[in-house]
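Enquirer: Dumping the structure here so I can ask a few things about it.
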């Protein structure tokens, strides 16, 4: 199992444990990010170690090639000095270093390719963590909205039993009953106390005020010439004893009197 396969399995295991035991989604998401950053830091250390190994191999390869070049220089020196035997041994040593260098270079090439894969995987993991950080706030907002909707739904469900509305209706009926009782008590107080007598006198006083207004109206019409001067009969002014208008009777009587006065003696 590769490095990032192990990291992926570990992260998934931690996330599954958090999800199954989570009570606060916001805390859970923050904890997931903390775990992912922790695993990212470990992955960076391991990738850094792989890069160091790859560079060490590259240095070994370069060192072997340099050693081969050095033995080639020595072989050339031996030839110049007429020491072909030493030149042959130097060339053999050169070949050894060349062969070793080629083997190390093949290993380095494979290691370099693997290191590049690890670096790319590390970039992908870092990008995913950054994306998770951006999504965290959105997920938290969605969770809070879902909780609000759940709370509203629970409230509506509890109100669907009409318990609250029935309480309001019972309270309204109780208040109305109290109002009726207060009115009944006031009526009883008026009926069996001196308040009833005061009420009767107030009715009489209102009738007297109305009579006075009728008299003032007749006086005004007399002043305007619409009725002849003279005090009107109380019974006629008040309109009692017959159905005819008091003003019309007075006018008719005055006309008859005036006609009788014009007859010759």
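Enquirer: In segment 105-118, what residues are closer than 25 Å to residue 34 by Cα and in contact with a helix residue (DSSP H, G or I) (Cβ under 6 Å, 6 or more places away or on another chain)?
Expert: Of everything in segment 105-118, just one residue is closer than 25 Å to residue 34 by Cα and in contact with a helix residue (DSSP H, G or I) (Cβ under 6 Å, 6 or more places away or on another chain), namely 118.
Enquirer: Do you know which of the residues in segment 48-64 that are surrounded by 17 or more Cβ atoms within 10 Å (Cβ to Cβ) and closer than 21 Å to residue 100 by Cβ is farthest from the chain's Cα centre (by Cα)?
Expert: 64
Enquirer: Among 61, 47, which is over 26 Å from residue 126 (Cα atoms), in contact with a helix residue (DSSP H, G or I) (Cβ under 8 Å, 6 or more places away or on another chain) and assigned to a helix (DSSP H, G or I)?
Expert: 61
Enquirer: I'm checking my understanding of the structure. Among residues of segment 1-44 that are outside any helix (DSSP H, G or I) and over 27 Å from residue 140 (Cβ atoms), which one is modelled with the highest pLDDT?
Expert: 2
Enquirer: Go through segment 75-103 and give me each residue that's loosely packed, with under 14 Cβ neighbours inside 10 Å and either within 60 Å of the chain's Cα centre (by Cα) or not in a helix (DSSP H, G or I) (or both).
Expert: Matches in segment 75-103: 81, 82.
The values are calculated or read from the model by the stated rules, or taken from the named source; none is laboratory data. Just so we're clear, the structure is a prediction, and the values are computed from it rather than from any experiment. All Cβ positions, glycine included, derive from the backbone under ideal geometry; neighbour counts span all protein chains shown.
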